[in-house]
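Visitor: Supplied in structure tokens, the structure appears directly below.
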Amino acid sequence: MSNPSPIKVVDGTTKNPHAIFIPIPLQGHLIPSVALTMKLASNGFTITFINTQVIHHSIMKSSSTPNDDIFEKARESGLDIRYTTVSDGLPISFDRSLNQEQFEECVFHVFSAHVDELVGNLVKGDPSISCLIADSCHVWPSMISKKYKLVNISFWTESALVLNLYYHWDLLKKNGHYTTCDDVIDYIPGIKSIKPKDLTSYLQATNTNTVSNRIMYKALFEDAKHADIVICNTIQELEPRTLLMLNKTQPFYAIGPLFHNKFTQSLVSTNLWSELECSHWLDKKAPKSVLYVSFGSYAHINKHDLGEIAYGLLQSGVSFVWALRPGMVSSNEPDALPLGFEDQTKDQGLIVPWCNQKAVISHASIGGFLTHCGWNSILESIWCELPLICFPLYTDQFTNRKLVVDDWKTGVNLCERNLVERAEVAKNIKYLMMGETSNELRLNTKKLKRTLEDALAVGGSSQRNFDKFLGEVNVKIDQMKGAI
Ligand code: UDP
């Protein structure tokens, strides 16, 4: 692989490209951001990685060996990764999950001032800094990169299909599909057709003026289009048509799946909750007999649906590991499971607040995954060749469900209608875990796993795209230096 060529700095010494990396302060964005940071640093980059103070605090709290510098071990392994934190504008003790609107208003209006100040100081102290890599969901990357003359690299952690939908927000509005019309959408370049129910939750919202909608519009319809380069955690062969389209608008590189070198372990702590060990329990179970259940790190579920899923699991009789994070219903309601459920299922299931998901789903006893369809969970489940039961709750998860169930045919819906009902839940769990009929799903998942492996292999699409990305970075750095 070609390393990026060193760039000259003012005092005449040479250094590798130095990028500031700013992820979105959420678990599902942090994990691939750290994986990308490690990949870039392994390929000659110097990275200064910036977490918000509250994320740093959560990582420290959940770690069994807290270290003020989460990249210390990575540095000891020879990678040049520096680490610092920034305030998102709110005190650490503020409950962001319970007060989501206030938190998002702050992210929208205050966070950029803190980032601006920190990036300004970093650039002043180190003239070798030449790039800003920011999550595409930030509203300020073009402003900050322009101000400090940095190459603006946008990191999109979700599917290309989802970004393409946001890029065409105006077309959806013009055709009445933003919130109202039910006709199939067949006019977006790069997307053959998609139903309105498969759009992201922001594009289905009836109240279009919420702060989250305003953030997504500013970040993804406006700002990300100004990035010099976009890198995306997807795979060329999974979304060829959409990627062809996105490539016409911007240098756009599908380099996924972004996992740690050792799939189940990382040199860097990224957990926002403490992990509970599941392998001893799983070791006692038959191969492919256990269903893993998780709805991720962010979305909430209502108490009725949670109860129906719980009783559906019970009725199915299938063994399960359920990673049910505290506050899944609300931070005000930590014990949201039906009364007595844990006792009733103590021989059938293991319920933990958080686990090492990649380690759990790699275990031979796991045979399926009931998921909210977060993009990381989908990529990880393909890697482990697990068919899915899909229960999307929020944001891109509805669109990801369409990819899994309708396009790739590697999963089924939890319930066909909006109503979650225990008998249907039990039926679908049994179908996935016991039915011969799910063999086709398993076969399709196996094929996708091969696609991912091929993409990452030498000469594979993700590897080639990554090399092209490195070349493009050099060109952009040269252009930027030339323009100064
Ligand atoms: N995860 C984990 N332990 C858990 C639940 C989730 O390590 O108990 C990880 C999971 O492996 C994935 C990430 O958290 O990498 C969740 O990302 P995803 O995109 O699936 O969903 P989100 O949390 O962003 O909704």
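Visitor: Taking N as the number of residues in region 194-239, what value does Rg over Cα atoms divided by 2.2 N^0.38 Å take?
Guide: This ratio for region 194-239 stands at 1.41.
Visitor: Rg/Rh for region 92-134 to two decimals, with Rh computed the Kirkwood way over all alpha-carbon pairs.
Guide: 1.15
Visitor: Distances longer than 29 Å among the Cα atoms of region 117-260: what percent of all pairs is that?
Guide: 21 percent
Visitor: Any idea what the alpha-carbon Rg over 2.2 N^0.38 Å comes to for region 320-374?
Guide: This ratio for region 320-374 stands at 1.22.
Visitor: May I pose another question? Against the globular-protein guess of 2.2 N^0.38 Å, express the Cα radius of gyration of region 96-183 as a ratio, rounded to two decimals.
Guide: The reported ratio for this selection is 1.40.
Visitor: Taking the Cα atoms of region 15-72 alone, what are Rg (to one decimal) and Dmax (as a whole number) in Å?
Guide: When restricted to the Cα atoms of region 15-72, Rg and Dmax are 11.9, 35 Å.
Visitor: Which net charge results for the neighbourhood of ASN261, defined as the other residues with beta-carbon distances under 13 angstrom from its beta-carbon, given Lys and Arg at +1 and Asp and Glu at -1?
Guide: Value of the local net charge: +4.
Visitor: Right, something else. Give, rounded to the nearest 20 debye, the magnitude of the charge dipole that region 415-472 has about its Cα centre when Lys and Arg contribute +1 at Cβ and Asp and Glu contribute -1 at Cβ.
Guide: 140 debye
Visitor: Report, in deg cm²/dmol and to the nearest 500, the calculated mean residue ellipticity at 222 nm for the chain, where each DSSP H run with n ≥ 4 adds -39500 (n - 2.57) and the sum is divided by the residue count.
Guide: -11500 deg cm²/dmol
Visitor: Taking the Cα atoms of region 148-197, report the difference between the largest and smallest coordinate on each principal axis, in whole Å and largest first.
Guide: Taking max minus min along each principal axis of the Cα atoms, region 148-197 gives 44, 19, 17 Å.
Visitor: What is the Cα centroid distance between region 207-268 and region 356-415, reported in whole angstrom?
Guide: Measuring centre to centre over Cα atoms gives 19 Å.
Visitor: Expressed as a whole number of Å, what is the distance separating the alpha-carbon centroids of region 309-326 and region 329-345?
Guide: Distance between centres, Cα-based: 12 Å.
Visitor: Here is a further query. Take each of the peptides 219-226, 151-158, average the number of other beta-carbon atoms within 10 Å over its residues, and list them starting from the highest.
Guide: Ranked from most to least packed, the peptides come out as 151-158, 219-226.
Visitor: R0 = 60 Å: FRET efficiency of LYS173 with SER279, Cβ-based, nearest 0.05?
Guide: For R0 = 60 Å, the calculated efficiency reads 0.75.
Visitor: Sorted by packing (mean other beta-carbon atoms within 10 Å per residue), highest first, where do 353-364, 266-277 land?
Guide: Peptide ranking by packing, descending: 353-364, 266-277.
Visitor: Identify, among PHE341, VAL473, TYR394, the residue whose Cα sits farthest towards the positive end of the charge dipole of region 330-477, taking +1 on the Cβ of Lys and Arg and -1 on the Cβ of Asp and Glu, with the dipole about the Cα centre.
Guide: VAL473
Visitor: Something else about it: Of ILE361, LEU282, ALA483, which is farthest along the charge dipole of the chain in the positive direction, counting Lys and Arg as +1 and Asp and Glu as -1 at C-beta?
Guide: It is ALA483.
Visitor: Need one number for region 288-394: average projected area of the convex hull over its C-alpha atoms, nm².
Guide: So the Cα hull casts an average projection of 6.1 nm².
Visitor: Let me know the charge dipole size of the chain about its Cα centre in debye, to the nearest 20, where only the beta-carbon of Lys, Arg (+1) and Asp, Glu (-1) is charged.
Guide: The dipole of the chain has a size of about 1000 debye.
Visitor: In whole Å, what three semi-axes, largest first, describe the equivalent ellipsoid of region 388-443 built from its Cα gyration tensor (square root of 5 times each eigenvalue)?
Guide: 18, 16, 7
Visitor: Which entries in LYS124/LYS149; LYS173/LYS402; LYS39/LYS402; LYS147/LYS476; LYS147/LYS248 show an alpha-carbon gap greater than 19 Å?
Guide: Going by Cα-Cα distance, LYS173/LYS402; LYS39/LYS402; LYS147/LYS248 fall outside the 19 Å limit.
Visitor: How much FRET efficiency would the formula 1/(1 + (r/R0)^6) give for SER62 and GLU105, where r is the Cβ-Cβ distance and R0 is 35 Å, rounded to 0.05?
Guide: 0.85
Visitor: A further question on this structure: For the chain, what is the relative contact order in percent, using Cα pairs closer than 8 Å and at least 6 residues apart in sequence?
Guide: 16 percent
Visitor: Let me ask something else. Could you tell me, in Å, what Rg and Dmax come out for the Cα atoms of region 383-484?
Guide: 20.2, 66
Visitor: Here is a further query. Binning at 10 angstrom from zero up to the longest distance, how are the C-alpha pair distances of region 1-155 distributed in percent?
Guide: Percent of Cα pairs in each bin: 10, 39, 36, 13, 2, 0.
Visitor: If you average the C-alpha positions of region 421-446 and of region 159-179 separately, how far apart do those two centres end up, in angstrom?
Guide: 32 Å
Visitor: Ok, one more. Specify, per residue and in Å³, the volume enclosed by the convex hull of the alpha carbon atoms belonging to region 211-344.
Guide: About 203 Å³ per residue, rounded to a whole number.
Visitor: Another one. What does the accessible area per residue of the chain come to in Å², with a 1.4 Å probe and no ligands, DNA or RNA counted?
Guide: 41 Å²
Visitor: Once amide H atoms are built 1.01 Å from N in the peptide plane, which residues 5 or more positions from TYR253, or in another chain, come under 5 Å H to H?
Guide: Amide H neighbours of TYR253: VAL230, ILE231, CYS232.
Visitor: Which three semi-axes in whole Å describe the equivalent ellipsoid of region 174-223, each the square root of 5 times a Cα gyration tensor eigenvalue, listed largest first?
Guide: Sorted largest first and rounded, they come to 20, 14, 8 Å.
Visitor: Give the whole-number value, in cubic angstrom per residue, of the convex hull volume spanned by the C-alpha atoms of region 363-421.
Guide: Hull volume normalised by residue count: 79 Å³.
Visitor: Now for a different question. What percentage of the solvent-accessible surface of the chain, computed with a 1.4 Å probe over protein heavy atoms, is contributed by carbon and sulfur atoms?
Guide: 52 percent
Visitor: For TYR187, what is the net charge nearby, where nearby means another residue's Cβ is under 14 Å from its Cβ and Lys, Arg count +1, Asp, Glu -1?
Guide: After counting each charged neighbour, the total is +1.
Visitor: Pairs of alpha-carbon atoms within less than 8 angstrom and 6+ residues apart define the contacts here; what relative contact order does region 272-394 have, in percent?
Guide: RCO, region 272-394: 36 percent.
Visitor: Share of antiparallel DSSP beta bridges in the chain, in percent to the nearest 5?
Guide: Here the antiparallel bridges make up roughly 10 percent for the chain.
Visitor: Out of PRO23, ALA323, MET60, whose Cα points farthest toward the positive end of the dipole of the chain (charges: +1 Lys, Arg; -1 Asp, Glu; placed on Cβ)?
Guide: Positive-most Cα among the choices belongs to PRO23.
Visitor: In cubic angstrom, how much convex hull volume per residue do the alpha carbon atoms of the chain span?
Guide: Looking at the chain, the number lands at 143 Å³ per residue.
Visitor: Take every Cα pair under 8 Å in region 359-410 that's 6+ residues apart, average their separations, divide by the length, and report that relative contact order as a whole percent.
Guide: 35 percent
Visitor: Ok, one more. Would you kindly state how much longer the chain becomes between LYS146 and SER97 on full extension, computed as 0.36 nm times their sequence separation minus their alpha carbon distance, in nm to one decimal?
Guide: Extra length from LYS146 to SER97 when fully extended: 14.4 nm.
Visitor: If a paramagnetic tag sat 7 Å from the Cα of SER77 along the Cα-Cβ line, which residues of region 261-279 would have the backbone N under 14 Å from that point?
Guide: Flagged as within label range: 261-270.
Visitor: Per q in 0.19, 0.20 1/Å, what log10 I(q)/I(0) does a Debye calculation on the alpha-carbon atoms of region 326-448 return?
Guide: -1.23, -1.34
Visitor: Residues of region 439-458 with the amide nitrogen closer than 19 Å to a label point 7 Å from the Cα of LYS288, along Cα-to-Cβ, please.
Guide: 439-451
The values are calculated or read from the model by the stated rules, or taken from the named source; none is laboratory data. This structure is a prediction, so every number in the text was calculated from the model and none was measured. Because the Cβ atoms are built from the backbone with ideal geometry, glycine has one as well, and the counts that use them run over all protein chains shown. For the accessible areas, the whole protein counts, side chains as well, though only heavy atoms, and no ligand, DNA or RNA atoms are used. Shrake-Rupley method; radii C 1.70, N 1.55, O 1.52, S 1.80 Å.
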